[in-house]
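For reference, the structure discussed in these notes is given below.
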Amino acid sequence: MADEHQRVQERLQKGVDAMIAKISEQRIRPMQKKTYLKMASCFDGNASERDTEQCLGQATQASKIAGDIIQQEMSNFQNRVSRCFSDCNDIVRDKHRLTESSTQKDVDAAYKSMLPCANACVDKHLALLKSIQANIERDIDTKAVLK
């Protein structure tokens with residue numbers, strides 16, 4: 001049964017990984033390239049140490065903002081998934097009322113009854129990934145502009 005639980009988690013993780021890979025390919029990597037080129041240009045000319053440091057700070061600002069956007073969205077997503085799984089736990093707990101005297105058979109039955117709910121949580125949240133990706137990309141495009 002642990003294998004089934006692991007498959008549920010892996011299915012969700014694969015979806016998230018695919019989304020992050022697309023965002024990285026389409027937004028983050030091009031931004032990183034621009035950031036590094038901008039940082040290199042900070043050393044052109046005879047700018048003071050202070051001006052160079054300021055230029056470097058400005059050059060990395062967009063990447064920092066993009067990272068913060070992704071981190072916030074993924075934190076929100078993780079919280080939503082956790083709440084869904086918590087609801088499943090509550091449903092199973094209410095249905096099976098396991099106690100210290102419950103048998104392994106009772107525990108197995110409770111665990112087995114949780115799998116459909118857990119799969120439904122994964123399905124529901126995998127369906128949200130496209131809109132989350134669109135939100136992340138929109139926010140990166142509008143808030144993390146390299147100047």
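The values are calculated or read from the model by the stated rules, or taken from the named source; none is laboratory data. For clarity, every value in this text was computed on a predicted model and none was experimentally measured. Reconstructed Cβ throughout: ideal geometry from the backbone, glycine too, with neighbour counts over all protein chains shown.
A few points about this structure:
- Pairs meeting the criteria (first residue in the stretch 102-114 and aliphatic (A, V, I, L, M), second residue assigned to a helix (DSSP H, G or I), beta carbons under 7 Å, at least 6 apart or on different chains) are ALA109/HIS96; ALA110/VAL92; ALA110/HIS96; MET114/CYS88; MET114/VAL92.
- Contact map, the stretch 118-130: first residue hydroxyl-bearing (Ser, Thr, Tyr), second residue part of a helix (DSSP H, G or I), Cβ cut-off under 8 Å, separation 6 or more or different chains; the map is empty.
- Search result, residues across the stretch 63-89 that are over 19 Å from the mean Cα position of the chain (by Cα) and modelled with pLDDT of 90 or more: ASP87, CYS88
- Within the stretch 98-119, the set of residues being surrounded by fewer than 14 Cβ atoms within 10 Å (Cβ to Cβ), part of a helix (DSSP H, G or I) and either under 23 Å from the mean Cα position of the chain (by Cα) or of a type outside the set (Asp, Glu) (or both) comprises GLN104, LYS105, VAL107, LYS112, PRO116.
- Looking only at residues in the stretch 11-25 that are of a type outside the set (Gly, Ala, Ser) and surrounded by 13 or more Cβ atoms within 10 Å (Cβ to Cβ), the one that is nearest to LYS130 (Cα to Cα) is MET19.
- Inclusion of ASP94 among residues that are within 23 Å of ASP3 (Cβ to Cβ) and of a type outside the set (A, V, I, L, M, F, W, C) is not warranted.
- Complete set of residues in the stretch 84-114 that are charged (D, E, K, R) and closer than 17 Å to GLN9 by Cβ: ASP87, LYS112
- Test result for SER75, part of a loop (DSSP other than H, G, I, E, B) and surrounded by fewer than 16 Cβ atoms within 10 Å (Cβ to Cβ): no
- Boolean, ASN135 is assigned to a helix (DSSP H, G or I) and surrounded by 15 or more Cβ atoms within 10 Å (Cβ to Cβ): no
- The residues on offer are LYS34, LYS95, LYS22, and the sole one that is farther than 28 Å from LEU126 by Cβ and assigned to a helix (DSSP H, G or I) is LYS34.
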